[in-house]
């Protein structure tokens, strides 16, 4: 009997731990009286990598009136409780008589058949913390497409570097395009042959993720949390050609149980590009 209970517990734990919130969640946000709008919409672009949750939130009335913020959070797989804390206002396009709110979300994950939901409450304050925002309720559902551009997350150091550098214009050469069925994608770059001081910078959808890194027999790793239906363009920009031109690399892409290897080459005239799109299994069936 104890063995049966133990096995059942392990199975339940396995299912809970496998829960992945990565993706697009969208629905209504209903504040108490006093808000700028009586009802407006919320889209969360949640990235979950190694149990670390982050992403962008779009509070919007329509596509011309919105606030974009970034957030971090944590998810309890036992209680299915998700807490998200907005940390920075990134874009503001709202009427002058409104002010953006920085919010904390207290949500619970649930599932009804194939439909997945995040429901709960929020509270918040203005950017200067002097004004409180009316609290309210949230009902979100997992969606297959975003209403807004999907942003690639970048740390502050790389953002400052990208603002300061000027890349030489080069032709993009698409080496390969992959359709992947898992959102968690691992990319590793190695020197392709003799280690000859090849140095590269790597961009994902024009966002700098690796800067002037030397290719060796040890991997330069990148982890991408992909959103469904979004095309990602990974570009390898040669900072030099090493002692044996051109700049060549072995790229290894791991997506779930699938592993892809390809050789990419960049020069002073061309930058190698690999494209990929994440399509969840249910998308293939449609």
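Of the residues 208, 204, 180, 234, which single one is under 28 Å from residue 21 (Cβ atoms), touching a helix residue (DSSP H, G or I) at 6+ places or on another chain (Cβ under 9 Å) and in contact (Cβ under 8 Å) with a residue 40 or more places away in the chain?
None of the other options fit; the residue is 208.
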Looking at 155, 192, which is the one that is at pLDDT below 90 and surrounded by fewer than 15 Cβ atoms within 10 Å (Cβ to Cβ)?
155
Of the conditions (1) outside the structural domain of residue 210 (by TED's automatic domain parsing); (2) farther than 23 Å from residue 280 by Cα; (3) within 24 Å of the chain's Cα centre (by Cα); (4) surrounded by 12 or more Cβ atoms within 10 Å (Cβ to Cβ), residue 162 fails just one. Which one is it?
(1)
Tell me whether the stretch 90-113 contains one or more residues that are touching a helix residue (DSSP H, G or I) at 6+ places or on another chain (Cβ under 9 Å) and either at pLDDT below 95 or on the phi < 0 side of the Ramachandran plot (or both).
no
Looking at the structure I just gave you, is residue 182 out of contact with any strand residue (DSSP E or B) (no Cβ under 9 Å at 6 or more places or on another chain) and surrounded by 14 or more Cβ atoms within 10 Å (Cβ to Cβ)?
no
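The values are calculated or read from the model by the stated rules, or taken from the named source; none is laboratory data. Predicted model only: the values in this text are computed from it and were never measured. With ideal geometry, Cβ positions are generated from the backbone for all residues, glycine too; neighbour counts draw on all protein chains shown.
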